[in-house]
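Shown next, in structure tokens, is the structure this report addresses.
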Ligand code: ACO
């Protein structure tokens, strides 16, 4: 049976870095509070006029280069984002044009911080069946634009960035199992209610969050999702070489690794450097560990995301 394999990874972070000490000068917070509760030390923030598709473009070019592919090979683009450039066209279509891709399909997936896991699961089916040959799957966000920078409970947590993978067909290595979940009745614990209607923004354009409810939901749902995908594939926690979870918060990551049964030295954690970049977080962490040489071909990876909706999911793969 053919598998869909990650053939290359890439990522991009905007130039501007906002450290905790800079935030200390702007709002009533402290580096000590932020680091002890979240593990976050800094986040990147996009420049004025820098769009999600611009971040996605940089990450996509690097992933294509790593895979030894070019725009002429790509026949599917899926962008996971909560912060599209505009209502429509989709960010995937805008990216297609910026990349100079002139063939294939392009669409966005909206599952907030789980977006990349959802998008990769969709690409898995579309590539493994042979319907598409070379997919670009990207998580890209300018989450800084959904934040009230005077709200210390939320603004310290997030940042902007993009991560991308090229997915192509392979007979030996690839995605072994996926699991996706959602519970819309929990929508109120993490949301941005604002939308455009009759020429104006209706609802709150800033992120609202019940942090403790999100914390509990993330650990419960991802713990269960990990068990489901392991059972599906007949693998055990000790078969996981690298655990690449959503980078929301170091405490969530540590608690989750414990629950899944992966030792700390096998967990990829990048949240300190870029905060929570929503749909970009998993591919950003993946690319970091591929480029610094930790992740090697043939190793088994568990990728996981959780986010607004609430949504969650896991992808187990042989890299
Ligand atoms: N600096 C200083 N003090 C703060 C800050 C801050 N940045 N933020 C909140 N506080 C204060 C609160 O005002 C409160 O003070 P009070 O007792 O005087 O009212 C106190 O700290 C405790 O606030 P809590 O909200 O109870 O803090 P908690 O220990 O729950 O930590 C946190 C908050 C870090 C958000 C935690 O709930 C958490 O990690 N939740 C997970 C949420 C998350 O990671 N969200 C990311 C998006 S969701 C996702 O990606 C899945």
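The values are calculated or read from the model by the stated rules, or taken from the named source; none is laboratory data. Quick caveat: nothing in here was measured; it's all calculated off a predicted structure. Cβ coordinates were reconstructed from backbone atoms using ideal geometry, including for glycine residues, and neighbour counts include every protein chain displayed.
Criterion applied to 56, 80, 63, 42 was being closer than 17 Å to residue 272 by Cβ and either away from the ligand (no atom under 16 Å from the Cβ) or touching a residue at least 24 places away in the same chain (Cβ under 8 Å) (or both), and the one residue passing it is 42.
Listed by position, the helices (runs of 4 or more DSSP H) contained in the range 219-299 that have at least 2 residues being more than 30 Å from residue 145 (Cβ to Cβ), more than 15 Å from the ligand (Cβ to nearest atom) and more than 18 Å from the chain's Cα centre (by Cα) are 250-260. Evaluated against (1) away from the ligand (no atom under 16 Å from the Cβ); (2) under 18 Å from the mean Cα position of the chain (by Cα); (3) not assigned by TED's automatic domain parsing to the domain that holds residue 94, residue 190 falls short on exactly one condition, (1). Within 16 Å of the ligand (Cβ to nearest atom), touching a strand residue (DSSP E or B) at 6+ places or on another chain (Cβ under 7 Å) and assigned to a strand (DSSP E or B): does that describe residue 115? No: the conditions fail for residue 115. Inspect the range 83-102 for any residue being surrounded by fewer than 15 Cβ atoms within 10 Å (Cβ to Cβ), in contact with a strand residue (DSSP E or B) (Cβ under 6 Å, 6 or more places away or on another chain) and more than 23 Å from residue 155 (Cβ to Cβ) and give the result as yes or no. No, because not a single residue in the range 83-102 is surrounded by fewer than 15 Cβ atoms within 10 Å (Cβ to Cβ), in contact with a strand residue (DSSP E or B) (Cβ under 6 Å, 6 or more places away or on another chain) and more than 23 Å from residue 155 (Cβ to Cβ).
The set of residues in the range 193-214 that are in a loop (DSSP other than H, G, I, E, B) and either away from the ligand (no atom under 12 Å from the Cβ) or exposed (fewer than 14 other Cβ atoms within 10 Å of the Cβ) (or both) comprises 193, 194, 198, 199, 203, 204, 205, 206.
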